[in-house]
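Take a look at the structure set out below.
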Amino acid sequence: MKSHQISSPVALTIAGSDSGGGAGIQADLRTFAFHQVHGTSAIACVTAQNTLGVTQVLVLSVEMVKAQIEAVMVDIGAQGVKTGMLFNSEIIKTVAQAVSNWSIQQLVVDPVMVSRTGAKLLDDQAIAALKDELIPKALIVTPNRYEAQILSGLTINTLDDMKKAAEIIYQLGAKFVLVKGGGMTEELKGVDVLFDGKTWEILSTETIETKNNHGTGCTLSAAIAANLALGKEPYLAVVDAKTYVTTALKYSLDIGKGTGPVGHFFPLL
């Protein structure tokens, strides 16, 4: 019997590994698979992590990060690429150079700098490298409230603040800016602002009350990259990704003793 050989769009995630499986590379690959996109990866750092938190981090060398990207791009290619936790300025600069070398156009940058609770994850050098080297190469950049505050220099409390921040971040060079409202309060919780340099789109879905929301940022950016790989234009890629994350939150996994992950494969649960 002949095998049924299938061609598939490909997405690449360049990010950290989460041993607990809720965020990072693991969340990205599950999200790609859900969208019927073949997932490839370049790991920047490895974490010892569970639902209670991170206990240890091992950073890979810039040579190894570069080699992983090259191995994927020289042979398989990628129609959508996302970045997540890149850890330090050297890796960020290496990834930015690789984006240029391989003429990657469909790049989603999740500028993992601050957690949705406000904990800072990158030092100032790394943040500067993100702003100067990587974000200018992005098709879409997806900062949360606290990341948007750092990138824009504004304090964000209102919808108008979110729109102003998006406008300032756009000046860094990304073609689309999605300021996420997951860290906002009351009626703005879950309301995102998408800016393309001319118009603001206010994107809102129902708010899902769950403590198990680990990996939402990774999952959203991965879903956007997957949708881009499927050939969707940026606005629709973002809207469909937001719908996916909302449903995954609705079917979040109650595992471990802390914050569980979203349910990436909710139709199977």
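The values are calculated or read from the model by the stated rules, or taken from the named source; none is laboratory data. Remember, it's a predicted structure, so these values are computed and weren't measured experimentally. Neighbour counts run over all protein chains shown; Cβ positions are idealised from the backbone, glycine included. Note: accessible area is taken over every heavy atom of the protein model, side chains too, but ligands, DNA and RNA are not part of it. Shrake-Rupley method; radii C 1.70, N 1.55, O 1.52, S 1.80 Å.
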Hull shadow area, averaged, the range 134-182 [alpha-carbon convex hull, nm²]: 2.8 nm²
Over the range 42-195, volume per residue of the alpha carbon convex hull, in Å³: 115 Å³
Can you work out the Karplus-derived ³J(HN,Hα) for every residue in the range 213-223? Use 6.51 cos²θ - 1.76 cosθ + 1.60 with θ = phi - 60°, whole Hz, and x for glycine or proline. 10, 5, x, 5, x, 4, 5, 5, 5, 5, 5
Quick one: Karplus J couplings for the range 143-160, per residue in order, coefficients 6.51, -1.76, 1.60, θ = phi - 60°, nearest Hz, x for Gly and Pro? x, 7, 3, 6, 5, 5, 5, 5, 5, 9, x, 9, 8, 10, 10, 10, 4, 5
Scan around S17 for amide H atoms under 5 Å from its own, H built in the peptide plane at 1.01 Å from N, and keep only partners 5 or more places away or cross-chain. I25, A44, C45, V46, T47
Hey, any idea what the orientation-averaged projected area of the convex hull of the chain's Cα atoms comes to, in nm²? 14.3 nm²
Going by amide H atoms built from the backbone, whose H comes under 5 Å of the H on T51, apart from near neighbours? K257, G258
Count the DSSP beta bridges whose two residues both fall in the chain, then state the antiparallel fraction as a percent rounded to the nearest 5. 40 percent
Backbone HN-Hα couplings from phi across the range 99-104 [Karplus 6.51/-1.76/1.60, Hz, Gly and Pro as x]: 4, 5, 4, 9, 6, 6
Potential lengthening between A128 and N157 on full extension [0.36 nm per residue; Cα-Cα distance subtracted]: 8.0 nm
Go through S7, S41 and list them by solvent-accessible area, largest first, probe radius 1.4 Å. S7, S41
Within the range 69-108, which residues have the backbone N less than 19 Å from the label spot 7 Å out from S3 along Cα→beta-carbon, could you tell me? 75-77
Residue-level accessible surface for I168, protein heavy atoms, 1.4 Å, Å²: 70 Å²
How many times 2.2 N^0.38 Å is the alpha carbon radius of gyration of the range 143-212? 1.05
For the range 187-260, the Cα-Cα pair-distance distribution in 10 Å bins from 0, as whole percents, is 19, 46, 28, 7, 0
At 1.4 Å probe size, put D18, D160, D75, D240 in order of accessible surface, largest to smallest. D75, D160, D240, D18
From the protein chains alone at 1.4 Å, what is the descending order of accessible area for S103, S8, largest first? S103, S8
Work out the count of Lys pairs in the range 121-225 where the Cα-Cα distance is under 28 Å, with the pair 8 or more places apart or on different chains. 27
Here the averaged projected area of the range 1-128, based on the convex hull of its alpha-carbon atoms and given in nm², is 9.3 nm²
